[in-house]
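Notes follow the structure.
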Amino acid sequence: MGLNVHELGFAYPTGPPVLKDLSLEVDRGEFVALLGPNGSGKSTLLRLAAGLLRPRQGRVEWDGISLDRMPRLQRARRISFLPQQVGSIYEHSVRETVELGRHPHLGVFGSLGEEDRRAVEEAMRRTEVEDLSGRNLGRLSGGERRRVFLAAALAQGGELLLLDEPTAALDLHHQVQFMSTLRELAGEGRAVLCATHDLNLAAAFASRIFLLHAGRRAAEGSPADVLRADRLREVYGEGIWVGPHPMGGTIAVLPRPLPTDGSGGGEDA
């Protein structure tokens with residue numbers, strides 16, 4: 001049991017369809033990378049999977065229960081969602097911000113219990129923000145703030161983690177560190193669906209890839225099955241090289257200069 005998106009269709013009130021007859025499953029123990037060019041529907045799909053939007057057709061279920069029938073507080077306890085942009089809460093300290101992730105679990109008096117404090121400490125450790133604990137969020141760099149928001153999402157403790165470009169503002173070390181954490185969390189039994197534009201991080205860490213194009217599924221499967229040069233060029237256009245990673249065990253996707261003489265450029269490795 002896990003996330004089940006079945007024949008989903010969605011359009012915003014003033015626009016064309018964003019998602020069309022889309023089906024996707026993410027089981028516990030899976031780390032699925034959601035790929036696709038700008039405008040392909042990745043962020044909308046995540047918001048639907050979090051229950052923040054209602055589909056025009058089809059259904060979204062977690063553990064066989066439609067999100068439409070799941071009480072809001074129960075959704076917040078079971079599903080953690082990190083959007084690309086987080087509202088302004090910059091007057092809080094780092095620790096206070098991470099503690100906000102525990103809000104769905106607090107009792108009537110709203111005080112943190114021992115389990116909540118353990119969840120906060122573990123989330124801060126995994127995102128390497130312990131040393132920032134007492135600092136004001138508004139005085140951090142963009143990458144540091146992003147790590148704090150990631151920690152809050154982890155502290156929330158959802159069985160399903162939905163993340164929209166979580167590593168976009170992070171340096172290389174913290175990109176690798178956080179993607180490793182997501183893979184560990186999947187190994188511990190959570191379901192992880194992460195939208196990213198970094199195809200190399202997806203190839204290195206995801207157990208499965210779901211490729212979106214114009215609101216439809218373009219491909220789904222292992223990184224080796226999905227990240228093929230011919231398929232990626234159909235979705236992203238020319239200028240892509242795909243070959244074996246020099247360290248072995250995965251795939252490398254690199255930009256390739258477009259030819260100027262009409263020859264079509266070199267072949268992939």
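The values are calculated or read from the model by the stated rules, or taken from the named source; none is laboratory data. Predicted model only: the values in this text are computed from it and were never measured. Note that each Cβ is placed from the backbone with ideal geometry, even for glycine, and that neighbours are counted across all protein chains shown.
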Item checked: Unmet criterion (only one of (1) outside any loop (DSSP other than H, G, I, E, B); (2) at pLDDT below 95; (3) not basic (K, R)) for E121 -> (2)
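Name the residue, out of L112, L8, that is more than 16 Å from the chain's Cα centre (by Cα), assigned to a strand (DSSP E or B) and hydrophobic (A, V, I, L, M, F, W, C). Before you say what the answer is, go through the steps one by one.
Numbers: L112 fails: assigned to a strand (DSSP E or B).
Criteria check complete, one pass: L8.
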Margin query: Looking for something within 15 Å of the chain's Cα centre (by Cα), not small (G, A, S) and not in a loop (DSSP other than H, G, I, E, B) - is there at least one such residue anywhere in segment 91-109?
Written below: no
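In segment 125-145, what residues are hydroxyl-bearing (S, T, Y) and surrounded by fewer than 13 Cβ atoms within 10 Å (Cβ to Cβ)?
Of the residues in segment 125-145, the ones hydroxyl-bearing (S, T, Y) are 127, 133, 141.
Hit for segment 125-145 is S141, nothing else.
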Check: Is it the case that segment 77-87 has a residue that's surrounded by fewer than 15 Cβ atoms within 10 Å (Cβ to Cβ) and either in a strand (DSSP E or B) or free of Cβ contacts under 8 Å to residues at least 12 places away in the same chain (or both)?
Finding: yes
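Just to check your reading of the model, which residue among L34, L52 is under 20 Å from the mean Cα position of the chain (by Cα), touching a residue at least 12 places away in the same chain (Cβ under 8 Å), part of a strand (DSSP E or B) and assigned by TED's automatic domain parsing to the domain that holds V148?
On the way: L52 fails: part of a strand (DSSP E or B).
Residue meeting the stated conditions: L34.
Working only within segment 166-177, note down all residues that are closer than 15 Å to Q84 by Cβ and buried (at least 19 other Cβ atoms within 10 Å of the Cβ).
As a first pass, look at segment 166-177 and keep what is closer than 15 Å to Q84 by Cβ: 166-170.
Once the filter is applied, which keeps residues that are closer than 15 Å to Q84 by Cβ and buried (at least 19 other Cβ atoms within 10 Å of the Cβ), segment 166-177 yields P166, T167, L170.
Within the group L193, L185, L201, which residue is crowded, with 21+ Cβ neighbours inside 10 Å and either closer than 24 Å to G51 by Cα or within 15 Å of the chain's Cα centre (by Cα) (or both)? Don't jump to the end; show me each part of the working.
Numbers: L185 fails: crowded, with 21+ Cβ neighbours inside 10 Å; L201 fails: crowded, with 21+ Cβ neighbours inside 10 Å.
Step by step, each of L193, L185, L201 is checked, and only L193 is crowded, with 21+ Cβ neighbours inside 10 Å and either closer than 24 Å to G51 by Cα or within 15 Å of the chain's Cα centre (by Cα) (or both).
Any chance you could count how many residues in segment 124-141 are part of a helix (DSSP H, G or I) and either at positive phi or not charged (D, E, K, R) (or both)?
Step one: of segment 124-141, the residues part of a helix (DSSP H, G or I) are 124-126, 130-132, 137-139.
From the residues that got through so far, the ones that are either at positive phi or not charged (D, E, K, R) (or both) too are 124, 132, 137-138.
Final tally of qualifying residues: 4.
Please go through segment 55-76 and pick out each residue that is of a type in the set (D, E, K, R), in a strand (DSSP E or B) and more than 19 Å from the chain's Cα centre (by Cα). Full working, then the answer.
If we filter segment 55-76 for residues that are of a type in the set (D, E, K, R), which is where we start, we get 56, 59, 61, 63, 68-69, 72, 75.
The next check asks that each one be in a strand (DSSP E or B); those that pass are 59, 61.
Result: R59, single match.
Taking segment 215-231 on its own, how many of its residues are hydrophobic (A, V, I, L, M, F, W, C), surrounded by fewer than 22 Cβ atoms within 10 Å (Cβ to Cβ) and either part of a strand (DSSP E or B) or touching a helix residue (DSSP H, G or I) at 6+ places or on another chain (Cβ under 9 Å) (or both)? Before the answer, list the steps.
Filtering segment 215-231 for residues hydrophobic (A, V, I, L, M, F, W, C) gives 218-219, 224, 226-227, 229.
When the remaining residues are screened for being surrounded by fewer than 22 Cβ atoms within 10 Å (Cβ to Cβ), the result is 218-219, 224, 229.
Within this subset, residues satisfying the condition of being either part of a strand (DSSP E or B) or touching a helix residue (DSSP H, G or I) at 6+ places or on another chain (Cβ under 9 Å) (or both) are 218-219, 224.
Final tally of qualifying residues: 3.
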Next item on the list: Considering each of F109, F149 in turn, give the residue that is closer than 30 Å to E25 by Cβ, at pLDDT below 95 and aromatic (F, W, Y).
Entry: F149
Next item on the list: Pull up segment 114-123, narrow it to residues that are of a type in the set (A, V, I, L, M, F, W, C) and more than 12 Å from T181 (Cβ to Cβ), then point me to the one that is surrounded by the fewest Cβ atoms within 10 Å (Cβ to Cβ).
Entry: A119
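Output the residues belonging to segment 26-54 that are of a type outside the set (G, A, S) and more than 22 Å from E165 (Cβ to Cβ). Can you show your working first?
Filtering segment 26-54 down to residues of a type outside the set (G, A, S) leaves 26-28, 30-32, 34-35, 37-38, 42, 44-48, 52-54.
Once the filter is applied, which keeps residues that are of a type outside the set (G, A, S) and more than 22 Å from E165 (Cβ to Cβ), segment 26-54 yields D27, R28, R54.
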